[in-house]
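Take a look at the structure set out below.
Just so it is clear, none of the values below were taken in a lab; they were calculated from the coordinates. Model, not experiment: these values are computed from the prediction. For neighbour counting, all protein chains shown are included, and Cβ atoms are generated from backbone atoms with ideal geometry for every residue, glycine included.
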Amino acid sequence: MPDPQLQPPGAGLPGYELAAARYVVFPLLCRRLDWAAAGRQFQDEGAKVLALWDAFPADRLGERVLIARIQGIEDSSRFWSVAMTVEHLDIVGSGIRRILAGLRLGQAPAKAARVEDVKPRGERPPAEVRAAFARLLAAAATSNATEPPVPRGTGALAPHPWFGPLDAHRWHCLFGIHQQIHRKQIEAIRRKLPVRGTP
């Protein structure tokens, strides 16, 4: 069966959804989350992602599944496997950690982030993908425990392709919010690939 015809990577969200996310939903979530709460959300969602991963038979982690688009993901991201989704979380999470490290030093990234640059290739072995994601969670937990929070609205800004220039606090909030969206994607994949013995 041929692959489904989807919009190209980087095509973005529907206009109304992007406007609501950029000007209402994301700013509201960032006002509600302090630094510690944002860090906890990232860890909590990461633990849920790993639990979902561990509920899948190893031979199905790389099986691509077409799902209905959920809020917050592009059309091009609807045909991923569990391993591809977690690979994406690792790519984005590692990128956000680099951005935050630079912003702490007052440095914006030399190159703006692009959505099409963080799509998974789906070529890495699933065990390697899981291990890399677990390392990301551990590194983020260490940073949260050892580095002081960055106050809201202070310091350098780094551009996000959908939300515009963001300070360190908003990038830190994006950590967990992004993870939550793709955890829902993994749940949608699971519903299309029922696994015996799971709720």
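Using modelled backbone amide H atoms (1.01 Å from N, in-plane), which distant-in-sequence or interchain residues come within less than 5 Å of Val65's amide H?
The answer is Trp80, Ser81.
Does the chain classify as rounded, prolate or oblate by the C-alpha gyration tensor (a ≥ b ≥ c root eigenvalues; a/c under 1.5 gives rounded; else a/b over b/c gives prolate, otherwise oblate)?
It is prolate, given that a/c is not under 1.5 and a/b is the larger ratio.
Which residue, chosen from Ala112, Phe175, Ala145, occupies the Cα position most advanced towards the positive end of the dipole of segment 98-199, where the dipole is computed from +1 (Lys, Arg) and -1 (Asp, Glu) charges on Cβ about the Cα centre?
Projecting each Cα onto the dipole axis, the largest value belongs to Phe175.
Charges at C-beta only: +1 for Lys and Arg, -1 for Asp and Glu. How large is the resulting dipole of segment 118-199 about its Cα centre, in Debye rounded to 20?
Magnitude of the dipole: close to 520 debye.
What ranking do Thr146, Thr154 get, fewest neighbouring Cβ atoms within 10 angstrom at the top?
Thr146, Thr154
Using 0.36 nm per residue of separation minus the Cα-Cα distance, give me the extension gain between Ala11 and Arg31 in nm, one decimal.
Using 0.36 nm per residue and subtracting the Cα-Cα distance, I get 4.4 nm.
On a full-extension model of 0.36 nm per residue, what is the gain between Lys192 and Thr146, subtracting their alpha-carbon distance, rounded to one decimal in nm?
Full extension of this stretch gives 12.5 nm more.
Kindly write out, for segment 49-61 in residue order, the coupling ³J(HN,Hα) from the Karplus curve 6.51 cos²θ - 1.76 cosθ + 1.60 (θ = phi - 60°), rounded to whole Hz, with x marking Gly and Pro.
With coefficients 6.51, -1.76 and 1.60, one gets 4, 5, 5, 5, 4, 5, 7, 8, x, 4, 6, 10, 5 Hz.
Report, in debye and to the nearest 20, how large the dipole of the chain comes out about its Cα centre when Lys and Arg carry +1 and Asp and Glu carry -1 on their Cβ.
260
Measure off 7 Å from each Cα along the Cα-to-Cβ vector at Gln107 and Gln71, then give the distance between these two points in nanometres to one decimal.
Rounded to a tenth, the inter-label distance reads 3.7 nm.
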